[in-house]
Amino acid sequence: MSELNVGIVGLGWVAGAHIETFKTVSGARVSGVSSRRRLDESELEASYGVPLKVYGSYEEMLADPEIDIVDICTPHHLHAEQSIAAARAGKHLIIEKPLCLTVEDLAAMRRAIEDAGVGVCVCFECRFSEHFTMIQSCISEGLLGRIHFAEVDYYHGIGPWYGQFGWNVKKKYAGSSLLTAGCHALDGLLMFMGGRVEEVVSHGTRSSNAIFSPYEYDTTSVTLLKFEDGRLGKVASVVDCLQPYYFHIHLVGSEGSLLDNRIYSARLKGLSKEAWSTLETQLIDSGDVSHHPYEPQFQAFVDSVREGRAMPLTGVAEAWESHKVVFAADRSAREGRPVKLAEFDAI
């Protein structure tokens, strides 16, 4: 089978990371781009090191039979419309998180993708990180027993020093603290816990520092999750902090606990309960997209498309569930009440 051609829409910071990643992915290559900016093919090749066809419009790219996969790297509010158009054109999809900003768009996207039967990879790439892989190994090996409480928190100050700040402050473009960034933490919690969420309660607040005053929504949120089997989870999404990037993970189970990359397990005889034992792994410790584990994720997606099977870990099923919980949390914060996930069953 010949290489799959990837067309990227939206040529910003994250698109650059995607282009660089595909240089190491077998079976696919980035061959074209579509952007609202005027682009020069020779300048792009000099910048990115690969020849890239420039399309005059997104519609022109979708009409090209040579494009197999559309990679959506535009601001959040454009994802739904562009994803639906690509699915209807028969293109497989890579979609940067979040999928969309409203429940209605989530439902429309799911219908379009299911009707088209195209493959989808959603960029919850942390699921492919060494850190998450190590944690899942601890869970599957029974070192923590049955996890009954989990905290997964996202701390990343997105201020004027950060590339997306200009549009990220707008509610119509970014949505909420969870949608724009903290959804990585919530998605991780759902991966580690398994099972289905029954109800969420969420509250929002914001920094008093003038640096973050342009934000049109609460930049810090705390969400409590109750699972159908009674277990509990907590997710903090904090994009107005002044501190180093921190992706906090604390899992508490019947046989032990895990804190970031440290563990105590009663299943491992001889461990001291007076100190954590460190598990050496590559932590998720940067908001720089060039550090994100796109390579194993994109390789898994290309392999799944070529073999005609569903995308593992970050396909449509997992993404729908994570986004439903995010939307339930944002509804809870907005309306000041607990929200049951049953309210979203029709999606």
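Descriptive notes on the structure:
- Each residue in the range 150-178 was checked for being in a helix (DSSP H, G or I) and either in contact with a helix residue (DSSP H, G or I) (Cβ under 7 Å, 6 or more places away or on another chain) or not assigned by TED's automatic domain parsing to the domain that holds residue 333 (or both), and 6 of them qualify.
- Taken over the range 325-335, the criterion of being surrounded by fewer than 20 Cβ atoms within 10 Å (Cβ to Cβ) and either touching a helix residue (DSSP H, G or I) at 6+ places or on another chain (Cβ under 6 Å) or of a type outside the set (Asp, Glu) (or both) is satisfied by 331, 334.
- Candidates 105, 71, filtered to the one that is buried (at least 24 other Cβ atoms within 10 Å of the Cβ) and among the acidic types (Asp, Glu): 71
- Residue match in the range 97-112 (condition: touching a strand residue (DSSP E or B) at 6+ places or on another chain (Cβ under 8 Å) and either of a type in the set (Asp, Glu) or in a helix (DSSP H, G or I) (or both)): no
- Of all the residues in the range 72-112, those that are within 14 Å of the chain's Cα centre (by Cα) and acidic (Asp, Glu) number 1.
- Test for residue 274: is it out of contact with any Asp or Glu (no Cβ under 8 Å at 6 or more places or on another chain) and outside any loop (DSSP other than H, G, I, E, B): no
- The range 302-317 residues that are closer than 17 Å to residue 6 by Cα, paired with ones that are in a helix (DSSP H, G or I) and among the small types (Gly, Ala, Ser) (beta carbon under 6 Å, 6 or more apart): 311/304
- Subset of the range 258-270 [within 17 Å of residue 141 (Cα to Cα) and assigned to a loop (DSSP other than H, G, I, E, B)]: 261, 266, 267, 268, 269
- Within the range 29-41, at least one residue is farther than 18 Å from residue 113 by Cα, among the aliphatic types (A, V, I, L, M) and out of contact with any helix residue (DSSP H, G or I) (no Cβ under 9 Å at 6 or more places or on another chain).
- Of all residues in the range 208-227 being among the polar types (S, T, N, Q) and in contact with a Gly (Cβ under 7 Å, 6 or more places away or on another chain), the one that is nearest to residue 150 (Cα to Cα): 221
The values are calculated or read from the model by the stated rules, or taken from the named source; none is laboratory data. Quantities reported herein were computed from a predicted structural model and do not represent experimental measurements. Virtual Cβ from ideal backbone geometry, glycine too; neighbours counted across all protein chains shown.
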